[in-house]
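Note sheet for the following structure.
The values are calculated or read from the model by the stated rules, or taken from the named source; none is laboratory data. Small disclaimer: the values here were computed from a predicted structure and weren't measured. Cβ placement follows ideal geometry from the backbone for every residue including glycine, while neighbour counts extend to all protein chains displayed. These area figures cover heavy atoms from the full protein model, side chains too; ligands, DNA and RNA do not enter into them. Shrake-Rupley method; radii C 1.70, N 1.55, O 1.52, S 1.80 Å.
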Amino acid sequence: MGKGGFYLETKDPIIKFAVVEKILNLARANSLWPMTFGLACCAIEMMSTAMARFDIDRFGAGIFRASPRQSDLMIVSGTVTKKMAPTLVTLYEQMPSPKWVIAMGNCAISGGPFAFEGQYNVVEGVDLLVPVDVYIPGCPPRPEGLLEGLMKLEEKITGTRRFPTVEQKW
Amino acid sequence: MVKKTLEDIKNTLQDVDASEISYAERGYHLAIEAQKGSLVSVVEFFADKGFYLADLCCVDYVEYLELVYLFNNFKELCRAKVTLKVEPDKPVAPTISHIYTMAHWYEREIHEFFGVYFEGHQKLTYLFLHNGIDCYPLRKNRVPVTDDDKKLLDSFKPEEEEDAFFINLGPQHPSTHGVLRVVLKMDGEYILSAEPVLGYLHRMHEKMAENRSYQQFLPNPARMDYPGALLFNLAHVAAVEKLCGIEVPERAQYIRTITCELNRISSHLLWIGAFLGDLGGLTPFLYAFDDRENILDILESATGSRLTYCYFRFGGLYNDIDDNFIDMTKKFIKRMHERLGMYEKLITKNVIFINRVRGIGILEQSEVPKYGCSGPIIRSTGMPFDIRKVEPYAAYDKIDFEIPTGKTGDNMDRYMVRMKEMEISLNIVEKAIEKLPSGPFNAEKVPKKLKPPKGDVYHAVESTRGETGVYIVSDESDKPYRMRWRVPSFSNLMTFPALAQRTLLADAIATMGSFDLVIPEIDR
């Protein structure tokens, strides 16, 4: 993993054009192309998010690509097993930079319910394999949760939040 | 049927110990103890009588390992359990894979999880586990992997051959519905052979069951089969109830039936979307999810979650349903009947769709017992086998419903059977709501800490994909000694290599889509 494309590509460029960069980031944040990468239960909620009721397209992230070469967002939706880990890293490295990762659900965050003493097959957190930008807890998270995660990622990319936050009342 | 089979066994087979068992307590009719020498003849006897291999699993009793072969008959219910004891140091058993094709995979599974070596098995390589595994996971004591088996660990390397090239379908592929990997050996556009590689989502449910009490395991089944979570939940709960002898009140039984059928419809809707998506039509996906969200709303009001339900409890339910639930369900039934007509116009009569699926992936009825597959797949071949009818659980014996069957067993028939099943599920829900009795929804006096009596039990339910069975061995503690899941997709997938042979790649995708595979269920 150390030799992967990630480290080299995300190094700061020598010359930076602040305004151009800002505009580009705005464009990137509002047209994220996620990869069709369903692992387990959370993938069904990811599909629900893409469908009519929750409509992820409202935030510009509705174009699910089957190929990592065409996508810039990997939503790790489910449990990553040790057998799957090399594939996941390969997929991540195949994505063109700049790229982002959302860890969706408890399994992707920490192994979730499958991290117990004596377990032999589950990677306890996808951040052990690839750098993660946004964590969405839940088992599985609701589609609203995924949408909120997407806005958080947008905030991370551009530095500002486009949509208002809901104030907690408790 | 049971008496006759027992008589036949006693007449034809020597050196076996057969006896009849109380079906109500154990979930199977016959218990047969075979020896190493006689096992193959016992299995051949069952194969001759038209039995299918429902399950093959292993239990580690430390002093010995016990192989459990569960047979059942499609025509008349007669469950038989054949056991074979093998020594734990160097366990060796004769293979039955030449009699039942499905045993190929079951034996490979037992080999990697218990280290049992099957004599005569053609390809005893690893099916589920990753390369770094160093002991047999389901053995009670830590047994390191032997050197011979270590060589088998990284064995999946297709050999180079002339005029053939290999395609990896998966693990990341939209039409494998998750992380299934199929290695296809191709000749141009035609598939020469297909070899599924499993275990990319093996989440150790069976191992977890041994580490947790019965209550703590309650959320797990929903994560095994997430589109049909309630049905797996029911399989687990009902098996434990059978083991402990807990009576479930009638109202709970009816509510179980209603929620399970609603879940079945939502699972089938998801399948329609995914299946048509595989074939290249994304529009039905949007329609199906629209309807599915309606069911999720209804189930969420009762269960509290959208997808991975954990609603049933030992002896009853988590909470009661209210009038709002019933109103919503009635509204949904009315709406769904109309929508089914729309689906028929949109999909069933679509020429492009018909040409993609008709006459492709034909499963012969005579092949079915060899694989032991179940659910809509065998009903499409014209076999009216449904656990809800032959082995009624919940309130299915009090509700009249028909079983849809197909004729040829091709992709179109599998599609039609599922469409018809949705309609029938709607009718079941309607009738169950009419008959819904009042009363308590939880059994009284269910202990907080369940300690079932010693023994084993097998309980099967008809999940959306077929026969889902739970085999529990109890040792009187609050944790199961061994919990084995017989999952339908596993045996359904086994037919795929045969059906995909010598077909076009695009047709194989259609066949795979029609199976309605759920990968966490296969990998467990």
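Around the Cα centre of the protein assembly as shown, unit charges on the Cβ atoms of Lys, Arg, Asp and Glu (plus for the first two, minus for the last two) sum to a dipole of about 1260 debye. In the range A:72-170, the portion of solvent-accessible area held by carbon and sulfur atoms comes to 55 percent [1.4 Å probe, whole percent, DNA, RNA and ligands not counted].
When you filter the GluC sites (Glu not before Pro) in the range B:183-245 for DSSP loop state and at most 11 other Cβ atoms inside 10 Å of their Cβ, you are left with B:GLU189. Rounded, prolate or oblate: which one fits chain B, using the alpha carbon gyration tensor with axes a ≥ b ≥ c (rounded when a/c is under 1.5, else prolate when a/b beats b/c, else oblate)? Oblate shape, in that a/c is at least 1.5 and b/c is the bigger or equal ratio. The antiparallel fraction among DSSP beta bridges confined to the protein assembly as shown stands at about 75%. Modelled label positions at B:LYS140 and B:LYS389, each set 7 Å beyond Cα in the direction of Cβ, lie 4.2 nm from each other. The DSSP beta bridges internal to chain A are antiparallel in roughly 10% of cases. Solvent-accessible area per residue in chain B equals 37 Å², computed with a 1.4 angstrom probe and all protein chains kept.
State the Cα centre-to-centre distance between the range B:97-149 and the range B:20-93 in whole Å. Centre-to-centre distance over Cα atoms comes out at 18 Å.
By the combined test of axial Cα extent (at least 30 Å) and Kyte-Doolittle hydropathy (mean at least 0.0), none of the DSSP H helices of chain A qualifies. At a threshold of 40 Å², the residues of the range B:122-155 that become less accessible to a 1.4 Å probe in the full protein assembly than in their chain on its own are B:HIS130. With R₀ set to 22 Å, the beta-carbon distance separating B:ALA164 from B:GLU364 gives a calculated FRET efficiency near 0.25. Each other residue within a Cβ distance under 15 Å of B:LYS435 adds +1 if Lys or Arg and -1 if Asp or Glu, for a net charge of -1.
Of all accessible surface on chain B at a 1.4 Å probe, what whole percent is carbon and sulfur? Percent of accessible area from carbon and sulfur atoms in chain B: 48. For the residues A:MET47, A:MET151, A:MET104, a GNM of chain A with alpha-carbon springs under 10 Å puts the largest fluctuation on A:MET47. The loop-placed GluC sites (Glu not before Pro) in the range B:245-345, going by DSSP, that have at most 14 neighbouring Cβ atoms within 10 Å of their Cβ come out as B:GLU247. Any idea how far the Cα center of the range B:262-325 sits from the one of the range A:53-106, in Å? Answer, in whole Å: 25.
When chain A is treated as a GNM with alpha-carbon contacts under 10 Å, the residue of A:PHE17, A:PHE116, A:PHE37 showing the greatest mean-square fluctuation is A:PHE17. For the range B:223-305, chymotrypsin sites (Phe, Trp or Tyr not before Pro) meeting the loop criterion (DSSP other than H, G, I, E, B) and having at most 13 other Cβ atoms within 10 Å: none. The contact between chain A and chain B removes approximately 3400 Å² from the accessible area (both sides summed; 1.4 Å probe; ligands, DNA and RNA excluded). The residues of the range A:34-158 present an accessible area of 33 Å² per residue when probed at 1.4 Å with all protein chains retained.
Sorted largest first, the spans of the alpha carbon positions of the protein assembly as shown along the three principal axes are 89, 62, 54 Å.
Remark: chain B carries a charge dipole of roughly 1040 debye about the Cα centre, counting +1 on each Lys and Arg Cβ and -1 on each Asp and Glu Cβ.
For the range B:130-245, the Kirkwood radius over C-alpha pairs fed into Stokes-Einstein at 25 °C and 0.890 mPa s yields D = 139 µm² per second. Of all the options A:ALA40, A:ALA50, A:ALA66, the one that moves most in a Gaussian network model of chain A with Cα springs shorter than 10 angstrom is A:ALA66.
Using a Förster radius of 45 Å, what is the FRET efficiency between B:GLU63 and A:GLU167 based on their Cβ-Cβ separation? Nearest 0.05, please. It comes out at approximately 0.10.
Per-residue Karplus couplings for the range B:491-502, computed as 6.51 cos²θ - 1.76 cosθ + 1.60 with θ equal to phi - 60°, are listed in order as 6, 5, 5, 4, 6, 4, x, 6, 6, 7, 4, 6 Hz, Gly and Pro entered as x. Candidates B:PRO227, B:MET186, B:VAL197 compared by Cα position along the dipole of the range B:186-270: farthest toward the positive end lies B:PRO227, with charges placed on Cβ.
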